[in-house]
1. Could you count how many residues in segment A:338-383 are closer than 16 Å to residue A:274 by Cβ, in contact with a Leu (Cβ under 7 Å, 6 or more places away or on another chain) and not hydroxyl-bearing (Ser, Thr, Tyr)?
2. Somewhere in segment B:80-97, is a residue buried (at least 17 other Cβ atoms within 10 Å of the Cβ) and under 20 Å from residue B:267 (Cα atoms)?
3. Find the strands (runs of 3 or more DSSP E) located wholly in segment A:118-202 whose residues include 1 or more that are under 30 Å from residue A:33 (Cα atoms) and within 14 Å of chain B (Cβ to nearest Cβ), and list them.
4. Would you confirm, using the coordinates I've provided, whether residue A:355 is of a type in the set (Val, Ile, Thr), open to solvent by 20 Å² or more (accessible area, probe 1.4 Å) and over 22 Å from residue A:294 (Cβ atoms)?
5. Assuming residue B:45 fulfils every condition listed in (1) out of contact with any Gly (no Cβ under 8 Å at 6 or more places or on another chain); (2) more than 20 Å from residue B:98 (Cα to Cα); (3) in contact (Cβ under 8 Å) with a residue 40 or more places away in the chain apart from one, which condition is it?
6. Is it true that some residue in segment A:77-100 is among the polar types (S, T, N, Q) and closer than 30 Å to residue A:188 by Cβ?
7. Select from segment A:53-88 the residues that are farther than 26 Å from residue B:270 by Cα and either within 11 Å of chain B (Cβ to nearest Cβ) or among the aromatic types (Phe, Trp, Tyr) (or both) and list them in ascending order.
8. Residue B:290 versus (1) outside the structural domain of residue B:59 (by TED's automatic domain parsing); (2) closer than 28 Å to residue B:69 by Cα: which is the lone unmet condition?
Amino acid sequence: MVKHSLLKIATTAAVAVGVSLSAFAADPIKIGSVLSVTGGAAFLGDPELKTLQLYVEKINKEGGVLGRQLQLVHYDDAGDASKANGFAKRLIDDDKVDIIVGGSTTGSTMSMVPLVEKAEIPFISLAGAVVIVEPVKKWVFKTPHTDRMAAEKVFTDMKARNLTKVALLAETSGFGMSGKKETEALAGKMGITLVANETYGPKDTDMTPQLTKIKGAAGVQAIFVFGFGQGPALVNKSYKQLGLSLPLYHAHGVASEEFIKLSGPAAEGVRLPAAALLVAGKLAANDPQKPVVTGYRKTYGDRYKEDVSTFGGHAYDGLMMAVEAFKRAGSTDKAKVRDAIEATKGYIGTGGKVTMSPTDHMGLDQSAFIMLEIKNGDWTIAK
Amino acid sequence: MSILRRHHVLIILAAVLLLLPLVLPNNYYYDIVIRMAINAILVLGLNLLIGFAGQISLGHAGFVGIGAYASAILPTHFGWHPLLAMAAGATIASAIAAIVARPIFRLKGHYLAMATLGLGIITAIVIKNEAAYTGGPDGMPVVALALMGFEISGEKKWYWVLAVVLLFSFWAARNLIDSPFGRALRALHGSEVASQVMGVDVVRYKVAIFVLSAFFASLMGSVTAHYIGFVTPNIADFFHSIELVTMVVIGGMASIYGSLIGAILLTALPQALSTFEGWETVVFGAILMFCMIFMPRGLVPTLAQRFGGRESEGD
């Protein structure tokens, strides 16, 4: 008996030593990334890169994945899709990465898609547009919500308030134009009539001409603004100046403290859909997303002394889903990892609850968005 | 013998292009060489305008964009054959160049720079806003280029196509510079008044070279679009124009092979510097600054003078 257990201990020890030896000897798992860290889309790429670096470091300190360390190989495409295409070749052919997490803009992502499909390597994009996952591409996944989801959330809320005649005001940026296209396509299906359709430039400083036109549109009941950055805040100001009282909606992504500060009292009563990350403090204590988003906010804030953005959150979700897929696949075999990502079920991230399937490579639904209203200079969850 | 002497650099270039595939380890390196070739041809066309004729263009990427989007839009939305679309793009770019050239070239110096800058920016704005056709800021995919049932796709095929185009362009540019046309261009660069007195139709030559370089730019725009398979408005934007002008200046103005060196250097540098972790822009800028301070005439002319003891025209 004693002999038997001694043997057992010896075997276990031998196995343990073997495992740990092979763990030390193993090459790191290479995570490739192409992000727009500089240039016009730096507001996306900068927090994304910071997040990836922070969490790769953190995961490595905690022992890595599958007993192997993670290695982040990242390049900056400066917002240029053609450069992203070149760097993707570098990641695939030269660095021989195990997975690619990144592609800050839709353009960069789409220029990389044919390459990853051909090389058969799992790719988790951090860009917004629907085209990335529709039609479904075997090796391509994405973490951010789509502009269509934001429009759907807004229209659902409008319909609940019996507002069906809507004026659309979109920004001529990538974000705004893509949103405009989706909103127009969705309006008919949801029984919403667009009675006015205006645009403004991302660097415009006054939106009164567009809003004056909207004010004059026949039967207009609500305004929906699709923009990002300071533009939407300026819309709020022009809106107040003109003394408009129509319900005003914004798209997702403007939800930051900065937005309220820039708009001042003009922000009062404005509604918008937002991911839980931006209102972490307002979530109910039993909300499953609460620990994830508060944890990410704290880790990121402690390290970089700046506020989190949705985009950093997308990178967090992308990395974590990749790590989970490696664990579930038990290897870095590309086909197995791809299958594991596709089998992601109930992953709770900063963007919402993700359940992927062979026909859905994003895995988010309407519950990922919360409808917010600004009251007394602060966010409240709209009822 | 005389052909050998006249074209010795061209022959070396051909030999290098022939042997290069033996040492290129993978597609990524092919990709860099292909991008170098595309840039070299673009820069060559621009150098004819800037270096030889002495006219600045800060909006050249606009023409590249016209070619790229012609190759993207016409086959996708209207079912045109890609080659026809490429020709259409080049024709449109040349036509626009011809129309705007006359008023634009009445301007000189900063005003000429401003006018060409405006032209490039307007093109970029049109591309960004006509989202129904161009896909807007997110860009659009481009169909593969097929010639008589033979599809040009993959780095290795593109490599050979561009190697041939590159050699042909340099041969053509070399001959152009040594022709009466080239001599007239250099004359008007030296002194417009003197060349006019000597019977050179200054305006006609300026327009001709502007149209020619726009034509080159549009063709290479089409090639880029087909090669990458996806096009975004970045290709037409101001920064791309500046990148091209920088290649001309660093390589050497009025130097055919300076265009090649400038393109090779500025395509390879960002790749080589990408390991500097956020400092790449700083290092890149510093290298450009030192080049300009110590070799204000560009790499090739400066080095040719130092080591060759003579400045060979056009080399």
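The values are calculated or read from the model by the stated rules, or taken from the named source; none is laboratory data. From a predicted model like this one, the values you see are computed outputs, not experimental measurements. Don't worry about glycine lacking a Cβ; one is built from the backbone with ideal geometry, like all the others, and counts go over all protein chains shown. When the accessible area is computed, the model is the full protein with side chains, heavy atoms only, and any ligands, DNA or RNA have been set aside. Shrake-Rupley method; radii C 1.70, N 1.55, O 1.52, S 1.80 Å.
1. 6
2. No, the conditions are met nowhere in segment B:80-97.
3. Details: elements: A:123-125, A:140-142, A:165-171, A:193-200.
In segment A:118-202, the matching strands (runs of 3 or more DSSP E) lie at A:123-125, A:140-142, A:165-171.
4. On the way: of a type in the set (Val, Ile, Thr): yes; open to solvent by 20 Å² or more (accessible area, probe 1.4 Å): yes; over 22 Å from residue A:294 (Cβ atoms): yes.
It is true that residue A:355 is of a type in the set (Val, Ile, Thr), open to solvent by 20 Å² or more (accessible area, probe 1.4 Å) and over 22 Å from residue A:294 (Cβ atoms).
5. Residue B:45 satisfies all of (1) out of contact with any Gly (no Cβ under 8 Å at 6 or more places or on another chain); (2) more than 20 Å from residue B:98 (Cα to Cα); (3) in contact (Cβ under 8 Å) with a residue 40 or more places away in the chain except (2).
6. First, the residues of segment A:77-100 that are among the polar types (S, T, N, Q): A:82, A:85.
Filter once more, keeping what is closer than 30 Å to residue A:188 by Cβ: none.
No, there is no match, as no residue in segment A:77-100 is among the polar types (S, T, N, Q) and closer than 30 Å to residue A:188 by Cβ.
7. Within segment A:53-88, A:55 is the sole residue that qualifies.
8. Status for residue B:290: all satisfied but (2).
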